[in-house]
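Notes to accompany the following structure.
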Amino acid sequence: MSKDAKLGQPAKVLSFYPTGEYYFTKGLKAYHKRELYKAKKYLERALELEPGEPMIACQLAITCTEIGEYNYSNNLLENILNVLDPYMTECHYFLANNYAHLGMFEEAYRHANAYLDKEEQGEFSEEAEDLLELIMFETDETEESLFSQDGLIMKQEKAREYLEAGNFPKAIEVLKNMIEEYEDYWSAYNNLALAYFYLGQIDEAYATLEEVLEKSPGNLHALCNLAVFHHYQQDEAKLGELVNTLAKVRPILIEHRFKLGATFALIGKYSLAYKWLKQLQKKGFEGDASFYFWLATSAYHLGHEQTAHKAWKKVVEINPDKEGMEPWSESNVAIAGFEHHLPSILQRLESEHIEERLFAIFLVKHSKHKQSLVKNKLFVKNTAFTPLEKSYADCVKDANKERELTVIDFADRTADLLYQHFKPIKLTEAGIYLLWFSVFVEAVKVQHKFNNPAGWAAALEYVWYQIRDEKKSQAAIAEKHFISVSTISKYIKLVQSFLN
């Protein structure tokens, strides 16, 4: 062909749209050449394009570990286990390795054991066992002592999970046990106060914080929680006094600076919040998603748009589920409930408690993510599911399929009646559903014959308000559910009998 054959014809431009896989491949090549910073750059781009791909996140975490960015690596690994792929067990070993480098031996010990529990003959089992031996040598601790410390960490983690899931009665139970065993463990007291507060037991919440401040005067976490309580209670006078006190505090510990900044952001004192959070960022602090969330929020409200957008980008990198929930987004005006929060649903599906798993299935039914959730292995092949839960999951997955009605249909119908009045399902509302599924499970155990879902729903609502020390009349709730006072009274007795 002559070089002039196509002369005069318009050139055909082929567009090139690189994919996550393209950048992932380039990142791997750079990693194997030991060009680690170049590898990190390519892998971060790959993760931007495919934020839900755990293999990309894991390779980026490994690369960050080799660079020495252990906290960034940990955030990525925790997000894989909590959100992207809970069965990617090697992340426990990588976390153990990172924590050992950071000198956090109890956490390292916990994750190394978690890996060996799940993968006794796994790819990294020998390395994990060597790491455990090294931890014992470095800390000069007895195994019994480390188990004791590990037990405390596990209890703390369990309490945190219950708090985040909105299961406040369970959180209170765990935290009370911790306090009995560790009388000076102030973190447990502060979390107990939060659990009481969100459950609606306001007096107990304040009393718990007063106990902390009496035994540990100036405890910053207690003072910050007190400020949050006054804010929610709209006690501006007491809040103002406390803000003036907290504004004069100059904490040394990074943890305390973050707590102070996050508290100021939560109560709307954005200038004070921004001062502490931006200062931490300038010093190289690599926090979790909540750190960047509060930084983005305070920056946005002060007009620092560039900082706000950069911080929010980090939030989405760490937790892709937050996409579209920016502080400046219109959709954020009415914050979505648990039914639209993937991590909460997945966490509940893994719970050891049947009432939480049943609640999770109900959340899936009403979730905007239902189509992807019903394909998730935690929903389809959950080994913890009882026949009752499997039946419920099948009902939710194939809602239009003809079948005989069972007791699980009654449970679902009653929960749906509650959903008419308690939605979106946020921290407070979650309690009434957990209460219903707990009562339902107990009734099933004695083969109770169910009827009148409206009666059960009304009785549940009345008992729930009682637990929260809120005054509601039986007549008002009965009218709301279109039943008689005698009917609600009958079902209240039934509900209370299954709670005793």
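The values are calculated or read from the model by the stated rules, or taken from the named source; none is laboratory data. Predicted, not measured: the structure shown is a model, and the values here were computed from it. Every residue, glycine among them, receives a Cβ derived from its backbone with ideal geometry; neighbour counts consider all protein chains shown. The area values use the complete protein model at the heavy-atom level, side chains included, leaving out ligands, DNA and RNA. Shrake-Rupley method; radii C 1.70, N 1.55, O 1.52, S 1.80 Å.
Between a residue in the stretch 233-246 that is open to solvent by less than 100 Å² (accessible area, probe 1.4 Å) and any residue that is outside any helix (DSSP H, G or I), which pairs come within a Cβ distance under 9 Å, given they are 6 or more apart or on different chains?
From the stretch 233-246, the pairs are L239/Q233; L239/I267; V243/I267; V243/K269; L246/K269.
Yes or no, residue by residue, for (1) modelled with pLDDT under 80; (2) open to solvent by 20 Å² or more (accessible area, probe 1.4 Å):
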{"site": "L295", "(1), (2)": "no, no"}
{"site": "K310", "(1), (2)": "no, yes"}
{"site": "N319", "(1), (2)": "yes, yes"}
{"site": "S329", "(1), (2)": "yes, yes"}
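Against the definition (open to solvent by less than 50 Å² (accessible area, probe 1.4 Å) and either in contact (Cβ under 8 Å) with a residue 60 or more places away in the chain or aliphatic (A, V, I, L, M) (or both)), how does L302 come out, yes or no?
For L302, the condition - open to solvent by less than 50 Å² (accessible area, probe 1.4 Å) and either in contact (Cβ under 8 Å) with a residue 60 or more places away in the chain or aliphatic (A, V, I, L, M) (or both) - is not met.
What residue, of K426, K480, is in the same structural domain as H366 (by the TED database) and within 30 Å of K377 (Cβ to Cβ)?
Checking each option against the conditions leaves just K426.
What's the number of the only condition in (1) closer than 23 Å to K170 by Cβ; (2) open to solvent by less than 60 Å² (accessible area, probe 1.4 Å); (3) outside any helix (DSSP H, G or I) that K423 fails to meet?
(2) is the only condition that K423 fails.
Those residues that are farther than 24 Å from L363 by Cβ and either buried (at least 22 other Cβ atoms within 10 Å of the Cβ) or touching a Phe, Trp or Tyr at 6+ places or on another chain (Cβ under 9 Å) (or both), I need them from the stretch 434-454; list them, please.
Within the stretch 434-454, V446, H448, N451, N452 qualify.
Here are E133, E126: which of them is modelled with pLDDT of 70 or more, of a type in the set (D, E, K, R), exposed (fewer than 14 other Cβ atoms within 10 Å of the Cβ) and within 12 Å of Y109 (Cβ to Cβ)?
E133
Among what's in the stretch 446-500 and is part of a helix (DSSP H, G or I) and of a type in the set (D, E), pick the residue that is modelled with the lowest pLDDT.
E479
Conditions tested, residue by residue: (1) acidic (D, E); (2) modelled with pLDDT under 85; (3) open to solvent by 90 Å² or more (accessible area, probe 1.4 Å).
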{"residue": "A5", "(1), (2), (3)": "no, yes, no"}
{"residue": "L14", "(1), (2), (3)": "no, yes, yes"}
{"residue": "E21", "(1), (2), (3)": "yes, no, yes"}
{"residue": "T25", "(1), (2), (3)": "no, no, no"}
{"residue": "L36", "(1), (2), (3)": "no, no, no"}
{"residue": "Y42", "(1), (2), (3)": "no, no, no"}
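Residues of the stretch 455-482 being aliphatic (A, V, I, L, M), more than 14 Å from L418 (Cβ to Cβ) and open to solvent by less than 40 Å² (accessible area, probe 1.4 Å), which ones?
A478 - this is the single residue of the stretch 455-482 that is aliphatic (A, V, I, L, M), more than 14 Å from L418 (Cβ to Cβ) and open to solvent by less than 40 Å² (accessible area, probe 1.4 Å).
Does the stretch 96-114 contain any residue that is farther than 17 Å from V316 by Cβ, hydroxyl-bearing (S, T, Y) and crowded, with 24+ Cβ neighbours inside 10 Å?
Yes, that holds for at least one residue.
Could you say which residue among L146, L152 is more than 27 Å from L349 (Cβ to Cβ), surrounded by 14 or more Cβ atoms within 10 Å (Cβ to Cβ) and either touching a His at 6+ places or on another chain (Cβ under 8 Å) or at pLDDT below 85 (or both)?
Answer to the selection: L146.
Can you tell me which of (1) in a helix (DSSP H, G or I); (2) surrounded by fewer than 19 Cβ atoms within 10 Å (Cβ to Cβ); (3) within 18 Å of the chain's Cα centre (by Cα) is the one Q371 doesn't meet?
Every listed condition holds for Q371 apart from (3).
Taking G268 and the conditions (1) within 22 Å of E236 (Cβ to Cβ); (2) modelled with pLDDT of 90 or more, which numbered condition does it fall short on, given that it satisfies the others?
Result: G268 passes all but (2).
Give the residues of the stretch 248-265 that are of a type in the set (A, V, I, L, M) and either in the same structural domain as S298 (by the TED database) or open to solvent by less than 30 Å² (accessible area, probe 1.4 Å) (or both), sorted by residue number.
Selection gives L260, A262, A265.
Would you say Q447 is polar (S, T, N, Q) and over 31 Å from the mean Cα position of the chain (by Cα)?
When the stated conditions are applied, Q447 passes them.
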